[in-house]
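Comments concern the structure below.
The values are calculated or read from the model by the stated rules, or taken from the named source; none is laboratory data. Note that the structure is a prediction, hence the values are computed from the model and not measured. Don't worry about glycine lacking a Cβ; one is built from the backbone with ideal geometry, like all the others, and counts go over all protein chains shown.
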Amino acid sequence: MLNSNDFEEMRDEISKFDEQRDSLIKDSRKVVKLSKQIIYGIHRGENVDRLVSEIKKELSSLKALTKNHPELYYSPTYKMAVQEFVEALAYYHFVKDNKIPTHRELDVDSEGYLLGICDLTGELVRKAIDSVIKGNAEDALKIKDLVFDIYGEFLKFDFRNGILRKKFDGIKYDLKKLEELALNLKLKR
């Protein structure tokens, strides 16, 4: 009456999925940690090329893990790893190449890219403030212009996603900080 082989197959399937989910959680933490190390290292003027290579490998592994499992691909754990990856690599390329890579260059989905770019603006504010402290007001003003451009691009979207909408609002506050910084620089001249 009951096919026990069928149940055995389902147990194996569920067990393998649980193992993959556990790997996703563990490996996503690695991406988040590497992201923070990259950003911190850049702020300190360190060479982070090795960390950048490592984070690319880790995200590639995560992508492979989620490829055949939409429930893993759309999980908050994976989305957070992609967001942190984008923030770190966008900041890295901004500092290294004076350029923000596209979502295609980073090989990530639109939502993950946009969330990471939202977080990037906070790091750009820190970079601008550090530039002023080091006597380089010109770099701070360029950063203000970049965040202004990012904000302008985000204004063209009609966000309905709660987290993306909330993070987009954060860009506005980062831009305000940079505008105040620019005004203070202008008034001191």
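One residue alone among D119, D149, D169, D158 is over 21 Å from A88 (Cα atoms) and not small (G, A, S), and that residue is D158.
This table checks each residue for (1) at pLDDT 95 or above; (2) assigned to a helix (DSSP H, G or I); (3) touching a helix residue (DSSP H, G or I) at 6+ places or on another chain (Cβ under 6 Å).
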site	(1), (2), (3)
S53	yes, yes, no
N68	no, no, no
M80	yes, yes, no
Y91	yes, yes, yes
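In this structure, is L120 of a type in the set (A, V, I, L, M), within 14 Å of the chain's Cα centre (by Cα) and assigned to a helix (DSSP H, G or I)? Yes, satisfied.
Scanning segment 156-176 for residues that are surrounded by fewer than 17 Cβ atoms within 10 Å (Cβ to Cβ) and basic (K, R) yields K156, R160, R165, K166, K172, K176. Using the structure shown, decide if E153 is exposed (fewer than 14 other Cβ atoms within 10 Å of the Cβ), more than 15 Å from C118 (Cα to Cα) and among the acidic types (D, E). Spelling it out, it is not the case that E153 is exposed (fewer than 14 other Cβ atoms within 10 Å of the Cβ), more than 15 Å from C118 (Cα to Cα) and among the acidic types (D, E).
Kindly indicate whether I163 is touching a residue at least 40 places away in the same chain (Cβ under 8 Å) and under 17 Å from the mean Cα position of the chain (by Cα). Step through it out loud before you land on a result.
Numbers: touching a residue at least 40 places away in the same chain (Cβ under 8 Å): yes; under 17 Å from the mean Cα position of the chain (by Cα): yes.
Against the criterion (touching a residue at least 40 places away in the same chain (Cβ under 8 Å) and under 17 Å from the mean Cα position of the chain (by Cα)), I163 qualifies.
One residue stands out among those in segment 20-48 that are surrounded by fewer than 11 Cβ atoms within 10 Å (Cβ to Cβ) and in a helix (DSSP H, G or I): the one that is modelled with the highest pLDDT, which is K26.
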